[in-house]
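The values are calculated or read from the model by the stated rules, or taken from the named source; none is laboratory data. In this text, all values refer to a predicted model and were calculated from it rather than measured experimentally. Backbone-built Cβ (ideal geometry, glycine too); neighbour counts: all protein chains shown. In case anyone asks, the SASA skips ligands and DNA or RNA and just uses the protein heavy atoms, side chains included. Shrake-Rupley method; radii C 1.70, N 1.55, O 1.52, S 1.80 Å.
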Amino acid sequence: MVITVSELTLMQQFYDLVVTVEDGFEFVAHSYEEGVSTPVTDRVLLDILSSFEQFSTAIPQLVDLIEDDEQTTNALYAFNEVLELLVKLEEDTKGKEQRLAEIYARLAPMYITWKQQVELQLKPYLVQ
């Protein structure tokens, strides 16, 4: 399989977003651990959640590029589980005072697990 420069760029940008979201989760984690949840912490978490739309748009494009690589496509599609949890959390926490903290506490571990799987699968494409 030959990957064009533009396809490789798409993969790299996707990978960079995956890592950036993890960095955002780490920032939020540090804030919550220090007991210093601020509007900035909330904004970072909301930005993370809004970035999930970009994942949903990019994943089908990536799958089209590597459709013969079942492990990678499965890892990418596992993001649907993260989205399903987010929808459930948004319903379960509606109106709660500590809504974002609760969403973070349950969503971050699932995202990190997904990120590790995707990272493992995408790395070989990115080191070409």
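Against the numbered list (1) of a type in the set (Gly, Ala, Ser); (2) under 30 Å from VAL2 (Cα atoms); (3) at pLDDT below 95, ALA78 comes up short only at (3).
All of SER50, SER56 fail the test of being surrounded by fewer than 17 Cβ atoms within 10 Å (Cβ to Cβ) and either of a type in the set (Asp, Glu) or in contact (Cβ under 8 Å) with a residue 12 or more places away in the chain (or both), apart from SER56.
Taken over the stretch 38-47, residues that are touching a Leu at 6+ places or on another chain (Cβ under 6 Å) and either within 30 Å of PRO124 (Cβ to Cβ) or open to solvent by 30 Å² or more (accessible area, probe 1.4 Å) (or both) amount to 1. Look at the stretch 71-90: where a residue is within 20 Å of GLU102 (Cα to Cα) and of a type in the set (A, V, I, L, M, F, W, C) and a partner is open to solvent by 90 Å² or more (accessible area, probe 1.4 Å) and assigned to a helix (DSSP H, G or I), sitting 6+ places away or on another chain with Cβ atoms under 9 Å, you get LEU85/ARG106; LEU89/ARG106.
For THR73, indicate whether it is closer than 30 Å to VAL127 by Cβ, open to solvent by 60 Å² or more (accessible area, probe 1.4 Å) and either in a helix (DSSP H, G or I) or in contact with a helix residue (DSSP H, G or I) (Cβ under 8 Å, 6 or more places away or on another chain) (or both). Taking the combined requirement at face value, the residue does not satisfy it. Given the conditions (1) more than 17 Å from LYS123 (Cα to Cα); (2) assigned to a helix (DSSP H, G or I); (3) of a type in the set (Asp, Glu), and given that GLU97 satisfies all but one, which numbered condition is not satisfied? Single failed check for GLU97: (2).
For the stretch 25-52, a tally of residues being of a type in the set (Phe, Trp, Tyr) and within 13 Å of the chain's Cα centre (by Cα) returns 2. Hey, any hits in the stretch 59-68 for a residue that's open to solvent by 20 Å² or more (accessible area, probe 1.4 Å) and not in a helix (DSSP H, G or I)? There is at least one residue in the stretch 59-68 that is open to solvent by 20 Å² or more (accessible area, probe 1.4 Å) and not in a helix (DSSP H, G or I).
Taking interchain pairs and intrachain pairs at least six residues apart, which have beta carbon atoms under 8 angstrom, with the first residue in the stretch 1-26 and within 14 Å of GLN54 (Cβ to Cβ) and the second open to solvent by 80 Å² or more (accessible area, probe 1.4 Å) and assigned to a helix (DSSP H, G or I)? What qualifies is LEU10/GLN61; LEU17/GLN54. Looking only at the stretch 89-128, count every residue that is charged (D, E, K, R), closer than 24 Å to SER31 by Cα and surrounded by fewer than 18 Cβ atoms within 10 Å (Cβ to Cβ) and tell me the total. Here the count works out to 8.
Okay, residues lined up against (1) in a helix (DSSP H, G or I); (2) surrounded by fewer than 16 Cβ atoms within 10 Å (Cβ to Cβ); (3) at pLDDT 95 or above:
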{"residue": "SER6", "(1), (2), (3)": "yes, yes, no"}
{"residue": "TYR15", "(1), (2), (3)": "yes, no, yes"}
{"residue": "GLU26", "(1), (2), (3)": "yes, yes, yes"}
{"residue": "VAL36", "(1), (2), (3)": "no, yes, no"}
